[in-house]
Amino acid sequence: MRARQNGKARAQSPPPPPPSGRRCIFRHRRRRLLSSAAEVVGARFRVLPHCKFTILVLHRTSARFNSKRGLLMAAILPRTALLLRTPRGAGRLARFLGAGVPAASSSDAETAAEFMPWRNGGGVLHRAASVDPSAVVEAGAVVHSGAVIGKEVVVGSGTVVGPSVSVGQSTRIGYNVVLSNCSVGEFCTIHNGACIGQDGFGFFVDQDGQVKKKPQELYARIGDNVEIGANTCIDRGSWRDTMIGDDTKIDNLVQIGHNVVIGKCCMICGQVGIAGSATLGDYVVLGGRVAIRDHVSIASKVRLAANSLATKDIQEPGDYGGFPAVPINEWRRQTVNLRLFSKKHHDRR
């Protein structure tokens, strides 16, 4: 009886309506546009049943994505899924990729095959990199060969960790940070846009009057518990390593030249410029926009007021200020005398 009722119910259920002509045209157009996009990039597309998305699957041979148009990530990942909701998006992809994209080369394909996605965060790392399983490499970040990432390190999106760079445990790296030719200690914080380990500004004029670049082949060493502000630049060394001591705090927009050695527990405020080969002791405090001349030595426990310039060595601890920097009480007297002199000169007129 039940079988007869079920058969009767099935017989009474209306058949599914045939797809309308507009829907068929839409699907045909989407398939045609995706086919053209796949031919450009050397990929294949696949439509999953009962799915609102069309998946374009890229393979390792799709090295044409490694172009000047900013699609490097798609070339590095061995398999990437692009989800296109509409045929308009597929058409834009086909037109965008088809205009001026160079042909794939074997070297690009080999380079792309050496990188793989990281399961914890979605970033990309080289097969020769050493990354702790607890580390997070966010999407868009790249870790190059020979790099060492410690426990519980967080690498933000857009960050590039260069070859042979080491990062200690529990260090947090912000967005769009570039680390090259350097080592970072434990429990550090590097804010967005900082650049560490690039070449310093070293040039000389030869006998023919041409400007030549001095070799910059050493490293930048960052200690433990160091905080580096946004868009701060620390150059690597040329004749000695650039050193930042433990527990030092650096503000935003600070320039630290090559061969600079900074002691522990220093505080450097925003827009400070430290020229190459300068040496700072421990517990040094630099106010905003302080400038340190090259090859100058600053003793420990020295504090420089804002907008000061150190043109010669400071060998005694204390407070200094002015242009050039002198003991703070002398600088205050200079300021008062200059103000009185200017007032008298104005009254005589």
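The values are calculated or read from the model by the stated rules, or taken from the named source; none is laboratory data. Everything quoted here is computed from the prediction, not taken from an experiment. Positions of Cβ are generated from backbone atoms using ideal geometry, with glycine treated the same way; all protein chains shown enter the neighbour counts. All accessible areas refer to the heavy atoms of the entire protein, side chains included, with ligands and DNA or RNA removed. Shrake-Rupley method; radii C 1.70, N 1.55, O 1.52, S 1.80 Å.
Some notes on this structure:
- Out-of-range pairs (alpha-carbon distance over 28 Å; input Lys249/Lys312; Lys213/Lys264; Lys301/Lys344; Lys151/Lys214; Lys212/Lys301; Lys151/Lys249): Lys213/Lys264; Lys301/Lys344; Lys151/Lys214; Lys212/Lys301
- Rounded percent of accessible protein surface that carbon and sulfur make up, the stretch 117-177, 1.4 Å probe: 51
- Whole-number accessible area per residue in Å² for the stretch 262-342, which is evaluated in the context of all protein chains at 1.4 Å: 55
- Antiparallel %, DSSP beta bridges [both residues in the stretch 235-349], to 5: 10
- Computed label-point distance, nm, for sites Trp239 and His295 using a 7 Å Cα→Cβ extension: 0.8
- Cβ-based net charge around Tyr320, under 12 Å, with every Lys or Arg adding one and every Asp or Glu removing one: 0
- All C-alpha to C-alpha distances of the stretch 209-276, sorted into 10 Å bins beginning at zero, yield P(r) values of 23, 52, 19, 6, 1 percent in whole numbers.
- Rounded, prolate or oblate (a/c below 1.5 giving rounded, otherwise prolate when a/b exceeds b/c) for the stretch 153-258 by Cα gyration tensor: prolate
- Across Trp239, Trp118, Trp331, the residue with the most accessible area heads the list, and the full order at a 1.4 Å probe is Trp239, Trp331, Trp118.
- Amide H partners (placed H, <5 Å) of Val136, local residues excluded: Val153, Val154, Val155
- Long-range tail of P(r) for the stretch 293-349 (Cα pairs > 16 Å, %): 48
- For Asn252 and Val211, the FRET efficiency from 1/(1 + (r/R0)^6), where r spans their Cβ atoms and R0 equals 22 Å, is about 0.10.
- Among residues other than Trp118 with Cβ under 13 Å from its Cβ, the summed charge is 0 (Lys and Arg +1, Asp and Glu -1).
- Note, ³J(HN,Hα) from phi for the stretch 271-285, Karplus 6.51, -1.76, 1.60, rounded to Hz, x at Gly and Pro: 6, 7, x, 10, 6, x, 6, 7, 10, 10, x, 8, 6, 8, 10
- Rolling a 1.4 Å probe over the protein heavy atoms leaves His295 with an accessible area of roughly 120 Å².
- Taking label positions 7 Å along the Cα-Cβ direction at both Ser134 and Tyr175, the computed distance is 2.7 nm, reported to one decimal.
- Taking other residues whose beta carbon is less than 13 angstrom from the beta carbon of Asn252, and scoring Lys, Arg as +1 and Asp, Glu as -1, yields 0.
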